[in-house]
Amino acid sequence: MREPPDSIDTQIWVRMSPWYKAAQRASHLAHIEKADDPEFKEILLNSLRHFEEFSESIGFVEGWSEVGHNFVEVRWLPHKLRYAYDYRYLTEIFLIIAIDGPAASGKGTLARRLAAHYGLPHLDTGLTYRAVAHALMQVGLPLDNEKLAAEVAASIDLGALDRAVLSTHEIGEAASKVAVMGAVRRALVEAQRKFAASGAGAVLDGRDIGTVVCPDADVKLYVTATPEVRARRRHEEILSGGGVAEYEDILADIKKRDARDMNRADSPLKPAEDAYLIDTSEMDIESAFRATLDHVEDVLSAKQA
Ligand code: DC
């Protein structure tokens, strides 16, 4: 029995409108009709059925295709479903989602959920600043030597960012300090832009994504919440993890960090002019996710119209 190839090198985004779906179905069937091996034909027909049910339920399908071979691998299924198709019938969408906002606004959770929903790679750019601060701290180097910090920034491997190690409060504070330095930002922004351009789209979250890193992003979100709500969330997070902290101290830290991030000269935290604002002060994460998803879908529909 024939199997699709294992090496896959081109990513294609597919969004199917009803007319497009019908046209695609006809082309699939014509294609399947040509299969010479009855067993393979049966697999293709089954796959098409699963694929249609699945795409019906999510509206979006991500495919991986190897140009030159008529195979696509559809992800997000319990088992990897593969079916044959002619890639020329697919529409490409390159989707970049830029998410900015202050600490504990919920932007990280929204970024992760949007990335999972659309099957896009995600970069938490805060981790890149944290990695620079962490590398300096580990060897006892000062946080305010711009040349040194920029050299460290240029060597950061985006594939080796360890959230478990980098997410401490102390590293966050230090990251906010190294993030004021222009040379550090230039090195990290270059790496972040490469990440954004490396596939068929990406979700990036941080402080300057919509304004500096990806000013042409398809979707820009600015996620915020009052300092009090954010401090309460952080406080509850620490307590539920078995830690000890005073709410007032966390609130003071959050305000201090906001001031540093919003008032620095280089790439201060602010909404891009065309950002969609989401205030999560009185929203749970599920409602915030639904609201952002509706917005992204609206943008995608407008793009396709
Ligand atoms: O989101 P976070 O707490 O992991 O970010 C840590 C610090 O990094 C934050 O205080 C400011 C800085 N940062 C930045 O300046 N630009 C970004 N795009 C992301 C983070």
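Values for this structure:
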quantity: Close pairs from the range 109-136: first more than 26 Å from Arg290 (Cβ to Cβ) and open to solvent by 10 Å² or more (accessible area, probe 1.4 Å), partner more than 12 Å from the ligand (Cβ to nearest atom) and assigned to a helix (DSSP H, G or I), Cβ under 8 Å, at least 6 apart; calculated: His134/Val165; Ala135/Val152
quantity: Enumeration of residues in the range 124-135 that are assigned to a helix (DSSP H, G or I), of a type outside the set (Val, Ile, Thr) and near the ligand (Cβ under 9 Å from one of its atoms); calculated: Gly126, Leu127, Tyr129, Arg130, Ala133
quantity: In the range 172-183, the residues that are near the ligand (Cβ under 9 Å from one of its atoms) and part of a helix (DSSP H, G or I); calculated: Gly172, Glu173, Ala174, Ala175, Ser176, Lys177, Val178
quantity: Pair list, Cβ < 7 Å and 6+ apart or interchain, from the range 259-274 residues that are within 11 Å of the ligand (Cβ to nearest atom) to residues that are among the β-branched types (Val, Ile, Thr) and outside any loop (DSSP other than H, G, I, E, B); calculated: Ser267/Thr211; Ser267/Val212
quantity: Test: residue in the range 195-205 that is free of Cβ contacts under 8 Å to residues at least 40 places away in the same chain and open to solvent by 10 Å² or more (accessible area, probe 1.4 Å); calculated: yes
quantity: Residues within the range 102-123 that are hydrophobic (A, V, I, L, M, F, W, C), in contact with an Asp or Glu (Cβ under 6 Å, 6 or more places away or on another chain) and assigned to a loop (DSSP other than H, G, I, E, B), tallied; calculated: 0
quantity: Any hit, the range 127-134, residues being at negative phi and in contact with a Phe, Trp or Tyr (Cβ under 9 Å, 6 or more places away or on another chain); calculated: no
quantity: Some residue of the range 160-171 being assigned to a helix (DSSP H, G or I) and within 17 Å of the chain's Cα centre (by Cα); calculated: yes
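The values are calculated or read from the model by the stated rules, or taken from the named source; none is laboratory data. Please read these numbers as outputs of a predicted model, since none were measured by experiment. In this analysis, Cβ positions are derived from the backbone assuming ideal geometry, glycine residues included, and neighbour counts consider all displayed protein chains. The accessibility values were calculated without ligands, DNA or RNA, using every heavy atom of the protein model including side chains. Shrake-Rupley method; radii C 1.70, N 1.55, O 1.52, S 1.80 Å.
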